[in-house]
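First comes the structure, then the notes that go with it.
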Amino acid sequence: MSSNTNAPVKHKSISYAKWGYLFISPFFVVYIFCSLVPLFSTFYSAFFEDYMDGLKHVGPTFVGFENFVTLFTPKSSGSIDIINYAGNTMIMWIMGAVPQIVFALLLAVIFTSERMKIKGQTFFKTVIYMPNLIMASAFAMLFFTLFSNVGPINQMLTANGGEIFEFFNNKWSARSIVAFINFLMWFGNTTILLMAGIMGIDQSLFEAASIDGATSVQVFFRITLPLLMPIIIYVVITALIGGLQMFDVPQIISSGKGSPNNTTKTLVMALNNYIGTSKNYGMAGTVSIVLFIITGVLSFVVFRTTEPKKEKKGGKK
């Protein structure tokens, strides 16, 4: 008879996966109850008539797409409020985001340049990031005080023989102030992200370009910019999402009215009016869905337009 003494001993394997699931379970619990459930509740509310009439609670009554029809019904003047608010939001975002990304990209290239070797980079990085740590409401109050009719800017204008300029009663000056505040708050954060992207590029590429006699402009457009494109796409999309949710700065600058003539009123300000003033949860849910769709569509457009084109077979693009 053959002996089984040399047969391999089978050990029971230990699975550690359950501990991993246990440790990450708090995140999923918080996400489900604090984000996912409110999200579905918002979509659900958009199809119901649900608001407060004084002390009386009307609804919830299922009305289908009636809230969407009401939201996009033109006024007697022919304009549609929600489209105007979306336009205001995009204009102020573009006015602040485009200079922000261009300026941040310029600073990121300068700080990471081996040729310039700027001293005290840690200090400068800290300084440019500091505005991001200050609350947006504090920035808004500061600029509201500076540009008010009795503020320092108008005092300098009148001291030199000029007249008081009502910055917050002019459409473009009010929008410019909102855009500049957003630019000032976020360009430091964008600079840090772009610097991290540039430092992640293989330095041998820059060395090879320098040996071949490439200029700084050629290095930027042929090496830095193409390899940095994924980070730029991320920065643009996150800035777009944040810009569409613009609320606190124009809310304080215009005292919640979107003045002058609702030209600084954003989508989230309109959403806040439905929640805070009329308690119309049905219309608030409708605005939320519109905001969600706009964000998704624009993010997809940005991603597809900035996506690097793949080369086809045969070497042709």
All but one of (1) surrounded by 13 or more Cβ atoms within 10 Å (Cβ to Cβ); (2) at pLDDT 90 or above hold for Ile110; state the number of the condition that does not hold. (2)
Specify the residue that is nearest to Gly87 (Cα to Cα); the eligible residues are those in the range 263-289 that are surrounded by fewer than 17 Cβ atoms within 10 Å (Cβ to Cβ) and not hydrophobic (A, V, I, L, M, F, W, C). Asn272
Which one of the conditions (1) of a type outside the set (Phe, Trp, Tyr); (2) farther than 28 Å from Leu184 by Cα; (3) touching a helix residue (DSSP H, G or I) at 6+ places or on another chain (Cβ under 6 Å) does Ser288 fail to meet, given that it meets all the rest? (2)
Counting only residues that are crowded, with 19+ Cβ neighbours inside 10 Å and in a helix (DSSP H, G or I), how many does the range 237-262 have? 9
Where residues in the range 128-147 are in a helix (DSSP H, G or I) and among the β-branched types (Val, Ile, Thr), which of them is nearest to Met195 (Cα to Cα)? Ile128
If you go through Thr190, Thr238, Thr215, the only one that is in contact (Cβ under 8 Å) with a residue 40 or more places away in the chain and assigned by TED's automatic domain parsing to the domain that holds Ile101 is Thr190
Being of a type in the set (Phe, Trp, Tyr), assigned to a loop (DSSP other than H, G, I, E, B) and on the phi < 0 side of the Ramachandran plot, is that true of even one residue in the range 67-88? yes
Take the residues in the range 104-127 that are among the hydroxyl-bearing types (Ser, Thr, Tyr) and part of a helix (DSSP H, G or I), then tell me which one is nearest to Thr215 (Cα to Cα). Thr122
Using the structure shown, decide if Val150 is outside any loop (DSSP other than H, G, I, E, B) and either outside the structural domain of Glu114 (by TED's automatic domain parsing) or more than 29 Å from Gly243 (Cα to Cα) (or both). no
Look through Gly213, Gly188 and report the one residue that is buried (at least 16 other Cβ atoms within 10 Å of the Cβ) and modelled with pLDDT under 90. Gly188
What is the one condition in (1) over 19 Å from Asn88 (Cβ atoms); (2) part of a helix (DSSP H, G or I) that Ser278 does not satisfy? (2)
Neighbours by Cβ (under 7 Å, 6+ apart or cross-chain): first from the range 33-61, surrounded by 15 or more Cβ atoms within 10 Å (Cβ to Cβ); second in a loop (DSSP other than H, G, I, E, B): Phe47/Val63; Phe47/Gly64; Phe48/Val63; Glu49/Val63; Tyr51/Ser278; Tyr51/Lys279; Tyr51/Asn280
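The values are calculated or read from the model by the stated rules, or taken from the named source; none is laboratory data. As the structure is a computational prediction, the values presented were derived from the model and not from experiment. Because the Cβ atoms are built from the backbone with ideal geometry, glycine has one as well, and the counts that use them run over all protein chains shown.
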